[in-house]
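Novice: Just passing along the structure, written as structure tokens.
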Amino acid sequence: MADRDRDPDRNQPQEIQLLHPPPHYRQTGPSTTQIVAVLTLLPVGGSLLALAALTLTGTLIGLSIAIPLFIIFSPVIAPATIAISMAVAGFLSSGAFGLTGLSSLNYGLKRMIRANAGAGVGKGQAKRGMWDMVGYVGQKTKDVGQNMENKAHEGGGAVRT
């Protein structure tokens, strides 16, 4: 009891520091970062929406002018459209075949390097692996060609007039 009289701060009420404020003191509104993000993106989104509206308006005006011309010149435009479509399809398929060939060569080269880098792999085993890879790529190429031929026959049979 004598100790309590000597320490005058002991009788004073102590502040309680809360690590986490009670739920009713927490902020429920958006954070500053969210507000800045919305204020930044709102003009960008609005301007893009305005550009989309202008583009749509220009497209509709262009179509209203072009449709009568398409009707008048349709005997010339239809074959030209077919020829251009075939040319585009040719370029796209050429690119696809080139990309497929390059990826096949890349796969074979990586497999050959991996086979040669392996410990204890002899030349005969590496050659067999390479021939297996050549056979696999050849078979895959035949399968893809056959698949494309089948699709071409199916598509050709469906367009009868």
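The values are calculated or read from the model by the stated rules, or taken from the named source; none is laboratory data. All values derive from a computational prediction rather than experimental measurement. Because the Cβ atoms are built from the backbone with ideal geometry, glycine has one as well, and the counts that use them run over all protein chains shown. Surface accessibility is based on the protein's heavy atoms, side chains included, excluding ligands, DNA and RNA. Shrake-Rupley method; radii C 1.70, N 1.55, O 1.52, S 1.80 Å.
Novice: So if we plug the beta-carbon distance of Gln125 and Ser93 into 1/(1 + (r/R0)^6) with R0 = 41 Å, what FRET efficiency do we get, rounded to 0.05?
Specialist: Result of the calculation: an efficiency of 0.65.
Novice: Right, next: So between Asn147 and Ile82, what do we pick up on full extension, going 0.36 nm a residue minus the alpha carbon distance?
Specialist: Once the chain is fully extended between Asn147 and Ile82, it gains 21.0 nm.
Novice: Determine the share of the stretch 33-122's accessible area contributed by carbon and sulfur atoms, expressed in whole percent, with a 1.4 angstrom probe.
Specialist: Of all accessible area on the stretch 33-122, carbon and sulfur atoms account for 81 percent.
Novice: If Rh is defined by the Kirkwood formula over all Cα pairs and Rg also comes from Cα, what ratio Rg/Rh do you get for the stretch 33-122?
Specialist: Answer for the stretch 33-122: 1.36.
Novice: Local charge sum around Val134 (other residues, Cβ-Cβ under 14 Å, Lys/Arg +1, Asp/Glu -1)?
Specialist: Surrounding charge for Val134 is +4.
Novice: If packing is taken as the average count of other Cβ atoms within 10 Å, what order do 97-110, 62-75 fall into, highest mean first?
Specialist: By packing density, highest mean first, the sequence is 97-110, 62-75.
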